[in-house]
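K.L.:
Provided herewith is a single structure, encoded as structure tokens, for subsequent inquiry.
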Ligand SMILES: Cc1cc2nc3c(=O)[nH]c(=O)nc-3n(C[C@H](O)[C@H](O)[C@H](O)COP(=O)(O)OP(=O)(O)OC[C@H]3O[C@@H](n4cnc5c(N)ncnc54)[C@H](O)[C@@H]3O)c2cc1C
């Protein structure tokens, strides 16, 4: 470990706390500009239809309506999150010829108030030719199913600008109806390893579509000023990414698109994409010359801002007699809905969340994403990890039982260690998986609660309630190559000894403004109170990779530490002259620069800055930057899984303890013991908050959360019917960080707050099985399913074997 | 989510409220706590031209014992039901039900009359009020009238209130000696959730403290309106209060219930839960009846 830290690693109060508890923090919906109009979106009521005609004349005549736009106004604006030569963008801000899901954007209106805008929508006449629709991905792949994207998409893709090869690689796979993406990864010799396996299992798992449920509904304010700049306030996760895409779509130079700072009321992946309503706000502002605000309703948020992909997973695993995984064949199918969303990415990620955890030398992985007529899938906290970890660790629990082994012990036989290199070339320079598993087992009383494999559990019953424990592990990257591929920071010093950090980071509740400020304070030797932050504004802040891909601490944090170190270097150079000592002899502590061991030869940082300004005019400004995966030039291949991907992985293990009511089938998560390896926790309290949040999200997705469809219509787009856990439902939590240090991150820090969500699902499913011998392989584990399974328990309970 | 414009009244007298309500007929809506009404306005389920806030009308709230009856004003808050001593002691199922409704913020705003007039099949306070034989009082253009609460609901979201009629109060007979009651509900979340099933039961024992003299089993969320499981109630009367008898009555209650499958649950599961929670509620009520002698 490094020398003793004074600010980093301390649970200091958040720097945004004051603004938030006093209501001063500004969110997009708080932005009100003079003359502002209100926009609303007309959406498709059909899952699949051809647009024959749109008549907006009545709407345009309505008093108070200032602008109406349709697909005609967005003709040249093809765009999407995935836009590569292989997978060219498949979406337009407003539908062109067809609508592909219920909620697809058809037209937009700006009016003097929301009521008039709503009334105008009712006056737009759209003539549809209803087409047959398909909702199930397996049905959609059949040759006679309706083809959702019928024409081959032509034109360039944005990845070419980022260095991807222009030529469209031919796809060796046979073309299958509605397949939107395919990943095939192989290494080792899976067939041979299966042949050598002592035991082989094949199982299928299914997960539900789930929603992000950020408290702040998505909103956008756009103001096109006559001088030609587009000002935007957006519910987003990365200002530089959104600026880039918007500049492309709007055909404006990037620097003419300005994103202003707003706080974000939670995102969880759902605010990363650029959405049609944002583009519509910009277009309507350009058209009317007035600022335009569009706020989505909760119903729109539920149906049109991406969902977790419903996923089907088949796994075949072969193990040795002593529980080592020898070979694995994983097939996944995701339903990505009417547009790709991140379908081709998530099928790549499923493997990505597999390789770093267990050492599997022989692997065949095949992932397929499929277009259907349900709402679109996208990133959501863990982006694929909950689905695949649920499947892998549920199956590991089953295999452990088959071979008479404790699952925790089996995990320890297979987890990776520090120093290992993954099949794609990523190196684990830190990896605390073994400690995570061992410590979670210990603190949760696993051995006593679980008992020996096959031991009797009847004595655990208390009335209708039975307790059980289950375990699961997971991983998460710390940043990955995606536009702008790097972060930078600026640290400017003041003549009173304070510092201002300027960063492109977006504060969406994760605590980045606080932890990044702690890095600056630590590096400069000042207190956190003396650091102010300017963040989240493209005009003021340097580039930032965005608060997604879990690279905030590692990538942005490293850039900012370099910026602070650069300021410190300049400061010490000036001080060394003034104090007549070598730079190496100087230390900074509590804002004072001293010659080492000479308390009589000191001066304050403020005095050094003053001196510098007086002497040369230089107020001392440091800057730093960090490229993701510095030293590599290739991006990973989504289709083949080759190529390096991240600098560091976070790891976790969790033991879930549940109570199952055998009469209602209801499962209650009573305790979650989580140990995680996030390297050095920059702020332990913020880390703990992230873990709690992950546990409740994971618990919700394990036990109750599910978007329910009927012919492509979301039946539960409200917080009443889409149930996520409330505080009362959340469990007692235990556990903490394991000792670990990540060399790539600032002060040894890496990812936390995304990965932990993923292991709660299998941990709960395994605990339910431990309690009552019922294996639920289809999420969520609802009381109905558990009760039905208990009734169908044909085989004698596992404990009486 | 746009609320259509409406005119707004704050009458100071019951008669004034009722005549304004009558005058505007189906175009008007009564506002009590507003916790249901505002949602219906936002979702455009209701588009009233006139909203009449009755909170300024005197005499519509409060919990009082008068001549062996409990009188409950329509504007009495759910929080008051939950915390009132008289109710906790004599009508425990009602205070238990109140404690399940929404969140603390909602319970301060929401009124008992609003809960009943909204007529949700899962309404929290309907089963206990019915189990306690509540009589409901209404005031309208033709003066006052009253009905047993079980005759008040006519369908999901529908009541027998005529145009211009306002619910004013409930009267509940104070339970006899050796009476015990209980309320249970089953939901996915612990709070802030609509019941999959809710059940209120009340038992009165004979002087022998063993034989069941009177029984009420009222089920919510498993029929278009909250319902008495009448056959199950009959089955209990005159029988010894044993677990076997309770189990049989619970089975009958499950058969009587008319649950549907929807996004919240399935028909079969709901029926199974009617049986389970009826049995559990009877088991919970019995020791309370035995204590009250
Ligand atoms: C977050 C949340 C959680 C909730 N949780 C629950 C729950 O767990 N269980 C539950 O049962 N309910 C729940 N509700 C619904 C609601 O809070 C209750 O039904 C409440 O009791 C309604 O009372 P109110 O005074 O707010 O009614 P209001 O909204 O004022 O009125 C409801 C309806 O009754 C009519 N009305 C009201 N008073 C009268 C009267 N005296 N005469 C004639 N008509 C009248 C109104 O016109 C309206 O149609 C919840 C609501 C919210 C917002």
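Quick note: the coordinates plus some simple rules give every number you see, no bench work behind them. Keep in mind it's a predicted model, so treat the numbers as computed, not measured. Counting neighbours? That spans all protein chains shown, and the Cβs are built from the backbone with ideal geometry, glycine included.
K.L.:
Helix B:267-291 against the longest principal axis of chain B: what's the angle in degrees, Cα atoms only, rounded to the nearest 10?
P.N.:
Compared with the principal axis, the helix lies near 70 degrees.
K.L.:
Which value results for Rg/Rh of segment A:599-665 when Rg is the Cα radius of gyration and Rh the Kirkwood radius based on the inverse mean 1/r?
P.N.:
1.42
K.L.:
Kirkwood hydrodynamic radius (Cα pairs, Å) of segment A:377-479?
P.N.:
Result for segment A:377-479 stands at 15.9 Å.
K.L.:
Which whole number gives the average count of other chain Cβ atoms within 10 Å of the Cβ atoms across peptide A:714-726?
P.N.:
3
K.L.:
So, one more: Report, to one decimal in Å, the Kirkwood hydrodynamic radius for segment A:69-122 based on all distinct Cα pairs.
P.N.:
Answer for segment A:69-122: a Kirkwood hydrodynamic radius of 12.7 Å.
K.L.:
How high is the relative contact order of segment A:157-276, in percent, with contacts defined as C-alpha pairs under 8 Å that are six or more residues apart?
P.N.:
The normalised contact order for segment A:157-276 reaches 21 percent.
K.L.:
Taking the radius of gyration and the Kirkwood hydrodynamic radius from Cα positions alone, what is the Rg/Rh ratio for segment A:740-796, to two decimal places?
P.N.:
Across segment A:740-796, the Cα-based Rg/Rh ratio is 1.29.
K.L.:
Once the cut-off is 27 Å, how many percent of the Cα-Cα pairs in segment A:559-691 end up in the long-distance tail?
P.N.:
Summing the P(r) tail past 27 Å for segment A:559-691 gives 56 percent.
K.L.:
Please pull out the direction-averaged projected area of chain B, using the convex hull of its alpha-carbon atoms, in nm² to one decimal place.
P.N.:
Convex hull of Cα atoms, orientation-averaged projection: 14.7 nm².
K.L.:
Along the principal axes of its C-alpha atoms, what lengths does segment B:1-97 span, in descending order and rounded to whole Å?
P.N.:
45, 31, 17
K.L.:
Here's something else I'd like to know. Given q = 0.16, 0.19, 0.25 Å⁻¹, what are the Debye log10 I(q)/I(0) values for segment A:121-172, with equal point scatterers placed on the Cα positions and solvent ignored?
P.N.:
After summing over all Cα pairs, the log10 values are -0.82, -0.89, -0.99.
K.L.:
Per 20 Å bin, what is the whole-percent P(r) computed from every C-alpha pair distance within chain A?
P.N.:
16, 47, 31, 6, 0
K.L.:
OK, next. Compare the peptides A:136-147, A:242-253 by average per-residue count of other Cβ atoms within 10 angstrom and give them in order, highest first.
P.N.:
Final packing ranking: A:242-253, A:136-147.
K.L.:
Moving on to the next point. Once the Cα atoms of helix B:14-24 and of chain B are each reduced to a long axis, what angle between those two axes, in degrees from 0 to 90 to the nearest 10, is obtained?
P.N.:
Once rounded, one gets 70 degrees.
K.L.:
When the convex hull of the Cα atoms of segment B:64-158 is projected onto a plane and the area is averaged over all directions, what value comes out in nm²?
P.N.:
6.3
K.L.:
So how do B:169, B:234, A:785 line up by other beta-carbon neighbours within 10 Å, fewest first?
P.N.:
B:234, A:785, B:169
K.L.:
Moving to a separate point now. Show log10 I(q)/I(0) for segment A:69-181 at q = 0.22, 0.23 Å⁻¹, two decimals, from a solvent-free Debye sum over equal Cα scatterers.
P.N.:
Values, matching the q order: -1.29, -1.34.
K.L.:
With 10 angstrom as the radius, rank A:592, A:686, A:519 by how many other C-beta atoms surround their C-beta, starting from the fewest.
P.N.:
A:592, A:686, A:519
K.L.:
How big is D for segment B:183-293, in µm² s⁻¹ as a whole number, if Stokes-Einstein is applied with the Kirkwood radius of its Cα pairs at 20 °C and 1.002 mPa s?
P.N.:
It diffuses with D of about 153 µm²/s by this estimate.
K.L.:
Taking only Cα atoms of segment A:334-418, what ratio of Rg to Rh do you get with Rh as the Kirkwood inverse-distance radius?
P.N.:
Ratio of gyration radius to Kirkwood radius: 1.07.
K.L.:
How do the peptides A:189-198, A:762-771, A:463-472 rank, highest first, by the average count of neighbouring beta carbon atoms within 10 Å per residue?
P.N.:
Sorting A:189-198, A:762-771, A:463-472 by mean packing, highest first, produces A:762-771, A:463-472, A:189-198.
K.L.:
Something else: Any chance you could list P(r) for segment A:1-140, counting all Cα-Cα pairs in 10 angstrom bins from zero, rounded to whole %?
P.N.:
Bins of 10 Å from zero give 10, 26, 24, 17, 13, 8, 3, 0 percent of pairs.
K.L.:
Regarding segment A:219-338, what's the average projected area of the Cα-atom convex hull, expressed in nm²?
P.N.:
11.0
K.L.:
Hey, another quick one. Which whole number gives the average, over all residues in A:260-266, of C-beta atoms from other chains lying within 10 Å of the residue C-beta?
P.N.:
Mean number of neighbouring Cβ atoms from other chains: 0.
K.L.:
Follow-up. If you line up the Cα atoms of segment B:1-45 on their principal axes, what length do they span on each, largest first, in Å?
P.N.:
Largest first, segment B:1-45 extends 33, 19, 13 Å along its Cα principal axes.
K.L.:
With a bin width of 10 angstrom, please list the P(r) values of segment A:616-720 as percents of all Cα-Cα pairs, from the 0 bin to the one holding the largest distance.
P.N.:
10, 21, 24, 26, 13, 5, 2, 0
K.L.:
Quick one: Kirkwood hydrodynamic radius for segment A:460-553, alpha-carbon pairs, angstrom, one decimal?
P.N.:
15.8
K.L.:
Just need the relative contact order of segment B:80-165 here, percent rounded to a whole number, with Cα pairs under 8 Å and 6+ apart.
P.N.:
For segment B:80-165, the relative contact order is 22 percent.
K.L.:
Moving on. Express in % the proportion of alpha carbon pairs of segment B:131-214 at distances exceeding 17 Å.
P.N.:
Of the Cα pairs, 65 percent sit more than 17 Å apart.
K.L.:
Using only Cα atoms, what is the ratio of the radius of gyration of segment A:675-762 to 2.2 N^0.38 Å?
P.N.:
1.36
K.L.:
Right, something else. Exposure proxy check: A:158, A:533, A:294 ranked by fewest other beta carbons within 10 Å?
P.N.:
Lowest to highest Cβ neighbour count: A:158, A:533, A:294.
K.L.:
What is the Å³ per residue value for the convex hull set by the Cα atoms of segment B:213-263?
P.N.:
So the per-residue Cα hull volume is 71 Å³.
K.L.:
Next up: When only alpha-carbon atoms are used, what values of Rg and Dmax, in angstrom, describe segment A:298-346?
P.N.:
Every Cα atom of segment A:298-346 included, Rg and Dmax give 16.7, 52 Å.
K.L.:
Pull up the DSSP beta bridges for chain B and report the antiparallel fraction as a percent, rounded to 5.
P.N.:
Bridges in chain B that DSSP calls antiparallel: roughly 85 percent.
K.L.:
A further question on this structure: Please report the Cα spread of segment A:196-275 along all three principal axes, rounded to whole Å, starting with the longest.
P.N.:
Computed over the Cα atoms, the extents are 72, 31, 16 Å.
K.L.:
Distance between the C-alpha centers of segment B:17-38 and segment A:756-797? Whole Å please.
P.N.:
First find each Cα centre; the distance between them is then 48 Å.
K.L.:
Could you work out, residue by residue across B:260-271, how many beta carbons of other chains sit within 10 Å of that residue's beta carbon, and then give the average as an integer?
P.N.:
Neighbouring Cβ atoms belonging to other protein chains average 3 per residue here.
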